Amino acid sequence: MNTAHIVTAFDRDLESAQALVMRMGGLVETALLDAAEALDTRDEDLASRVRTGDTAIDALEDQINTQCAHLLALRGPTASDLRTVLTVMKIAASLERAGDYAKNMAKRTAVLSQMTLVAGGPGSIRRLAKAVVQMLTDALDAYIRRDVKLAEDVRHRDRDIDQMYNSIFRELLTHMMEDPRNIGPCMHLHFIAKNIERVGDHATAVAEQVVYLVTGALPGDERPKVDSTGTGA
């Protein structure tokens, strides 16, 4: 049996799956930023493109899972390579979920475009989205570089995302208390902010998979959370 040939084939297939993950990550990052921009600028056409673009994200996850199943079934990966395959699948799942949140954000834009929005709300949400996308970018960079230090930095930055979300929640709550007419748009904005905060959780999950990939164990300390809204993590 030509062992070198088998190893080369495995490496080639694994690199292909990892390339798909990075392509998927790029699509998710763009979707999140576009969804936030569509909300801020009331651009329904852009929001529509985000919604339809989720199909490509889902298709990439399916392709990644198919390739990983092929690797597991036919290549017989060693312990280290097995961790890589499992990590690829888990990262793809986190990215797919993040893409769903971007699509959900875009769906609410059409509704909100017909409402009078509270001042500052969409801008605050756009800043939150940019911070979360940076987390996701860094988590994927940590994966490519096998950089545990960067992955741990991403994990701890989730506290900053929680604090930004808490601030937006309090701001929206104040607007609702001041004028009942603000309740409808503020509730939509709150759900969008919560979606983005959850994407931060998935970016953190990607970072944790990097730690697992490099060290063979998930982080031992509890994931830091400072969500004080009582709406769940």
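The values are calculated or read from the model by the stated rules, or taken from the named source; none is laboratory data. Because the structure is a prediction, the values reported are computed rather than measured. In this analysis, Cβ positions are derived from the backbone assuming ideal geometry, glycine residues included, and neighbour counts consider all displayed protein chains.
Looking across segment 53-101, not a single residue is within 30 Å of I192 (Cα to Cα) and outside any helix (DSSP H, G or I).
When the residues of segment 104-122 are filtered to those that are small (G, A, S) and under 14 Å from D43 (Cα atoms), the one that is surrounded by the most Cβ atoms within 10 Å (Cβ to Cβ) is A106. Among residues of segment 102-130 that are more than 13 Å from I196 (Cα to Cα), those with a beta-carbon under 7 Å from a residue that is in a loop (DSSP other than H, G, I, E, B) and charged (D, E, K, R) at least six positions away or on a different chain give the pairs S113/R42. Considering only residues of segment 38-86 that are charged (D, E, K, R), modelled with pLDDT under 95 and over 19 Å from R126 (Cα atoms), which is farthest from the chain's Cα centre (by Cα)? That would be R75. Taken over segment 135-145, the residue count meeting the criterion of being surrounded by fewer than 23 Cβ atoms within 10 Å (Cβ to Cβ) and over 10 Å from the mean Cα position of the chain (by Cα) is 4.
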